[in-house]
Structures are given as C-alpha cells and as structure tokens.
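The values are calculated or read from the model by the stated rules, or taken from the named source; none is laboratory data. Nothing here was measured: the structure is a model prediction, and the numbers come from that model. Quick reminder, even Gly has a Cβ in these numbers, built from the backbone with ideal geometry, and neighbours come from all protein chains shown. What goes into the accessible areas is simple: the full protein's heavy atoms, side chains included, and nothing from ligands, DNA or RNA. Shrake-Rupley method; radii C 1.70, N 1.55, O 1.52, S 1.80 Å.
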Amino acid sequence: MSVSTPQSSALGTLYVVATPIGNLDDISARALRVLADVSLIAAEDTRHSTRLLQHFGIRTPLAACHEHNEREEGGRFITRLLAGEDVALISDAGTPLISDPGYHLVRQARAAQVRVVPVPGACALIAGLSAAGLPSDRFVFEGFLPAKQVARCARLTAVKHDPRTLIFYEAPHRLLDSVADMRDVFGAERPAVLARELTKAFETIQGLPLHELHDWIAADSNQQRGECVLLIAGYQEPAQAAEVSLEAQRVLTLLMAELPPKRAAAIAAEITGVHKKALYQWALDNKPA
Ligand code: SAM
C-alpha cells in the first residue's frame with residue numbers, strides 16, 4: 001500500500017469528509033469549503049445529503065456511493081479522479097467508513113495512486129468515548145453486533161476478557177436485548193455507559209453497572225429511541241476488581257501503621273478473607289504520604 005504523499009497534480013484528490021452526527025454546527029469550515037469546491041460529491045444517500053448541502057447553500061452535484069454499488073460503481077469516481085477532478089466522499093452522518101460505506105472507494109483510489117485526504121470531524125464513537133468517563137487510553141470499536149442472539153452472544157464472548165474499553169453501535173430496537181446479553185456475558189456489575197442522541201436535543205449519557213443500565217432502559221421507553229453508542233469497561237482481573245470492604249480497609253489501615261504494605265495485605269487477607277492482591281493494591285493506593 002502506498003504512503004499518503006502528494007501525487008501528481010494531474011490527478012484529482014479524493015477528500016473523505018466527516019459531516020455532523022446531529023448538530024449541524026459541528027461541520028467544520030474546512031469541510032464546507034471542500035464540499036463547495038470539489039467537482040462531485042459521492043454520497044451514501046443523495047436525498048439525505050441534498051438537505052444537508054442545501055442548508056449550507058452548497059450546489060455541488062451528488063452521486064450515489066452506498067454499500068450496494070460502491071464496489072462496482074467505484075470505477076466511475078476513479079475515472080473522474082484520474083481525469084483530474086476532485087471528489088468528496090460523505091456518508092449520512094459522521095465519518096465515512098466508520099460503520100458506513102467508503103472503504104472500497106478509498107482502497108481503489110489509493111491503488112490508482114490518487115491522493116486521499118481526510119477532512120476529520122464528528123464521529124459518534126469518539127464523541128461517546130470523550131464524555132463517558134471510561135478509560136480512553138486503549139479501546140476497541142466493535143461496530144454493530146449481529147442481530148441474532150446466538151451470534152451476538154458469541155461476539156460478546158469473544159471480547160469478554162479484553163481489558164480495553166469496548167465500544168458498540170446499536171440500533172434502538174435492539175438496545176435492550178443487547179444490553180441484556182452484555183449483562184449476562186460480561187457480568188451484571190461491569191460498568192457501562194449509554195451515550196444516546198449525541199449532539200442532539202435529547203442527548204443522554206448514562207453510566208451504570210450493566211444490570212442497572214438494563215433496568216433503567218427497560219423502565220423508560222424514551223431510552224429505546226434515537227441513536228446510541230454503548231461503551232463497556234474492559235475486563236479487570238477479579239483480584240483487582242474485588243471489593244475491599246470497609247472492615248477490611250479498617251484492619252489493613254491498622255496493620256499498615258506497623259508493617260510494610262505487602263505484609264500488612266497478607267495478614268489482612270488472613271483476617272478478613274478478602275483477596276490478598278486486592279488488599280495489596282488498596283494498600284499501595286492508600287499508603288500514608
Ligand atoms: N459514520 C458514523 C460515525 O462516524 O459515527 C456512524 C454511522 S452508523 C451507520 C450509525 C450509528 O452510529 C448509529 O446506529 C449509532 O449507533 C451511532 N450514532 C450515529 N449518530 C449518533 C448520535 N448522534 N448519538 C449516538 N450514536 C450515534
């Protein structure tokens with residue numbers, strides 16, 4: 001695969017342009033300029049995108065580029081790019097290629113030595129992660145889960161022990177079933193966040209253990225509407241995840257006054273029955289300064 005360096009100016013450029021996921025103010029000044037300047041916009045749904053472009057007074061012609069024609073029709077766009085015309089790729093919302101069409105066109109363009117330029121912007125998984133309060137240093141995007149329960153549970157089981165934050169897109173009518181399966185596969189206490197209707201009027205970001213999140217969604221049908229991202233805390237070793245009860249904390253604190261943390265944790269484990277590793281971690285986190 002070639003590196004993304006400027007190619008011959010005789011060729012056009014394919015711009016991969018992010019559009020808003022709800023709030024139209026989230027489109028960037030650069031995205032508007034590119035969309036107005038290119039010869040053609042390849043859009044997932046031309047009717048949907050016509051409304052967006054009309055809102056911004058952009059009159060660039062549109063052509064369909066969706067999952068059913070992308071592979072076969074991509075050649076049409078490549079021909080225009082090779083002839084020196086610039087083309088922008090957009091999807092219905094957010095960043096193209098992210099659970100959206102565009103992968104085949106980008107591949108074809110790069111194979112044809114056409115320069116591909118990202119114009120970044122909104123993306124639901126990143127917006128959700130940025131506000132969820134779950135670890136964001138390492139994460140896995142799993143896209144949409146399978147619609148059928150057996151396949152869905154198999155996919156969840158495959159990532160059950162992944163320590164990184166897990167991110168899923170889900171359709172509103174499957175939300176409750178998916179959260180129920182997550183609760184059953186990942187465990188009732190696994191921390192989870194539902195990020196719904198991001199950037200829109202009814203934006204909701206709710207963080208609860210999976211069993212509570214399930215019951216909260218079940219009790220309020222409004223939470224089963226609109227668009228949503230599910231973010232699940234990564235797997236933690238049971239020892240680290242184990243609760244250090246208040247009584248264990250009291251015993252450990254007394255012992256720590258006399259003993260080094262490792263020894264104090266070992267004795268506290270004998271007394272309280274709490275796992276030694278969890279007590280040791282607590283001792284390290286709460287060592288007197
Ligand atoms: N390309 C888009 C992106 O960059 O996020 C995602 C397109 S995918 C077909 C649509 C899914 O993204 C929705 O079903 C939902 O899971 C998520 N999504 C899109 N907009 C959202 C929003 N405003 N709030 C929460 N989730 C959203």
*With the cut-off at 27 Å, report for the chain the share of all Cα pairs above it, as a whole percent.*
55
*Relative contact order (percent, whole number), the chain, Cα cutoff 8 Å, 6+ residue spacing*: 16
*Amide H neighbours of VAL119 under 5 Å, counting only residues 5+ apart in sequence or on other chains, H built in-plane at 1.01 Å?*
VAL16, VAL17, ALA18
_For a quick check: with amide H placed at 1.01 Å from N, whose amide H comes under 5 Å from LEU40's, ignoring anything fewer than 5 positions away on the same chain?_
ALA88
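Taking the highest mean first, how do the peptides 68-75, 190-197 order by number of other beta carbon atoms within 10 angstrom per residue?
Ranking, from highest mean packing down: 190-197, 68-75.
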*Run the 1.4 Å probe and let me know the accessible area of LYS160, rounded to the nearest 10 Å².*
60
*Which shape class, rounded, prolate or oblate, goes with the range 13-122 when its Cα gyration tensor gives a ≥ b ≥ c as root eigenvalues, a/c under 1.5 marks rounded, and past that a/b bigger than b/c marks prolate?*
prolate
*Counting pairs of alpha carbon atoms under 8 Å apart in space and at least six apart in sequence, what relative contact order in percent does the range 13-122 give?*
46
*Give me the aspartates and glutamates in straight-line cross-link reach of LYS148: C-alpha distance below 18 Å, same-chain residues under 8 apart excluded.*
GLU170, ASP177, ASP181, ASP184
_Whole-number percent relative contact order across the range 239-285, with pairs defined as alpha carbons under 8 Å at least 6 apart_ = 48
_Accessible surface, the range 175-245, averaged per residue in Å² (probe 1.4 Å)_ = 46
*asked:* Please list, ordered by chain and number, the residues whose modelled amide H lies under 5 Å from the amide H of SER136; skip anything fewer than 5 residues away on the same chain.
replied: none
*In the chain, carbon and sulfur make up what percent of the accessible area (probe 1.4 Å)?*
52
